[in-house]
1. Got a sec? Charge dipole of the chain, +1 on Cβ for Lys and Arg, -1 for Asp and Glu; which of A239, C54, Q120 is way out at the positive end?
2. Going by average Cβ neighbours within 10 Å, how do the peptides 132-139, 259-266 rank, with the highest at the top?
3. Using unit Cβ charges (K, R positive; D, E negative) and no other charged atoms, how large, in debye to the nearest 20, is the dipole of the chain about its Cα centre?
4. Where Lys and Arg each count +1 and Asp and Glu each count -1, what net charge lies around A196 among other residues with Cβ under 12 Å from its Cβ?
5. Calculated from DSSP H runs of 4 or more alone, at -39500 (n - 2.57) each and per residue, what is the 222 nm mean residue ellipticity of the chain, nearest 500?
6. Could you sort 95-102, 222-229 so that the peptide with the highest average Cβ count within 10 Å comes first and the rest follow in order?
7. Expressed as an acute angle from 0 to 90° and rounded to the nearest 10, what is the orientation of the C-alpha long axis of helix 224-234 relative to the principal long axis of the chain?
8. For region 5-158, what is the per residue volume of the convex hull drawn over the alpha-carbon atoms, in cubic angstrom?
Amino acid sequence: MPGAKELKRTLSAALREGILSHAVLIEGEKGSGKKELSLWLAKAILCRSENRPCENCSVCRKIESGNHPDVEIYGGSGGARSFHIESIREIKNSLWLAPNESEQKVYILLNIEDMTQEAQNALLKSLEEPPAHARFILTCDNRKSLLDTIISRSTVYSLEPPTREECAAALREKFGEISEKEAELFAIAYGGNFGAASEGFSEGKSEIVFLAAKVPELLKNGSSYVLAAELSAKCKTRADLLEFLERLLNITGRCGIDRAAGKKAPVRVSPAEAVKTSEIIERGKTSVLQNCSLELIESWLCMELSRVFGGNL
Ligand SMILES: [Zn+2]
């Protein structure tokens, strides 16, 4: 999990010094690895090895596979108000019971912004006076959507999005078959979001990502007909075309900024080209969502993008 190195060090130190709060709230955008970090912290709390978590002992392995009797994970089905009060009632019923095989019990509550107001209020009571053996690890996308009283009863740690390099390195670690160059491109195309990038790679989005990265070069060479042909071959659905537009937006945006900062970028895009491209993409996305014909949007896109990269800027 990229991006969390620093945070792991902080949490380890707090745990070692015995000052880790009984309620830890991990804040981070979707795909930043909050669940992985929560599991890591649960292992760090319960593992009995010298270097905690060792990731090797039976405690660590049980937690990893979701089979540790003293680690309970709750969450909604995704979406607002999908995390119901019934889950909090279940927690309350088991909270005061002694742990089964460890000295402590860990409750992991994922994406608590999905909780109903009722559930958040019920959770508050448990956070207020938990038994000494109970620890809570809560996660959220953004603390602004939570009750102030929940935030004030937890220690908040923000999971910074990983850098592009960290994201690329983690992709290479996870997918042995991805080359260094491809990993860098994927990291850029998904804005450094490791969760989204690895999902994109597993779901076979490579062709769309690589096509988006080729756009400037194809058009600078006057090969807009190649782009048109590849677009219609690779983006057969609205979802594909939206995916292509999102990746193109990230790639041109990021590479344009790098160029402005005098950094090396894998795709040659000037800052002015990046700005123009983002305007076209916004219009393109609107057309896709308005159910215009895909062929029409694709040929419009090729024409507009040719103007940008064809040497008129
Ligand atoms: Zn262990």
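1. Of the options given, the answer is C54.
2. So the peptides 132-139, 259-266, ranked by packing, come out 132-139, 259-266.
3. Approximately 440 debye in magnitude.
4. Computed value for this residue: -2.
5. My calculation for the chain gives -17500 deg cm²/dmol from helical runs alone.
6. Listed from highest to lowest mean packing, they are 222-229, 95-102.
7. 40 degrees
8. 107 Å³
Each reported figure results from applying straightforward, stated rules to the coordinates on display, with no laboratory input. What you see is a predicted model; the values in this text were computed from it and never measured. Note that each Cβ is placed from the backbone with ideal geometry, even for glycine, and that neighbours are counted across all protein chains shown.
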